[in-house]
Amino acid sequence: MLWGMLDFVPKRYYVLIVDPSMVVAFTDATKIAVHGRKQRMTQHTTVLASYGQSPRLLRSTQDQLKELWFSGTKFLPERKFASDLQRKV
């Protein structure tokens with residue numbers, strides 16, 4: 001998501017993905033639940049509908065988070081994103 005902003009709000013068993021520009025962001029939030037460390041993720045979609053595109057986490061061999069795919073967009077950890085951006089500029 002290049003032109004928008006999303007907030008990832010962790011809850012006990014799931015993560016809410018909210019658009020802070022929405023008037024009632026939490027009412028229309030998308031919910032992602034992770035089923036085990038190496039297993040699948042499911043989502044309950046409202047505003048950020050991406051039907052047919054399941055979210056997924058990619059981890060390194062050291063079990064570090066490498067990237068999150070959500071709604072057809074690849075999200076990177078901040079340092080990785082910054083280094084990729086520096087390299088492209």
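The values are calculated or read from the model by the stated rules, or taken from the named source; none is laboratory data. Being a predicted model, the structure only gives us computed values, none of them experimental. Please note: Cβ atoms are built from the backbone with ideal geometry, for glycine as well, and neighbour counts cover all protein chains shown.
Can you name the residue in segment 26-39 that is under 14 Å from the mean Cα position of the chain (by Cα) and of a type outside the set (S, T, N, Q) and is also modelled with the lowest pLDDT among such residues?
Per the criteria, the residue is Val34.
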| What are the pairs, 6+ residues apart or on separate chains, where a residue within segment 61-72 that is of a type in the set (S, T, N, Q) has its Cβ under 7 Å from a residue that is part of a loop (DSSP other than H, G, I, E, B)? | Ser71/Leu48; Ser71/Ser50; Ser71/Gln53
| Could you say whether any residue in segment 10-25 is in a loop (DSSP other than H, G, I, E, B), modelled with pLDDT of 80 or more and surrounded by 15 or more Cβ atoms within 10 Å (Cβ to Cβ)? | yes
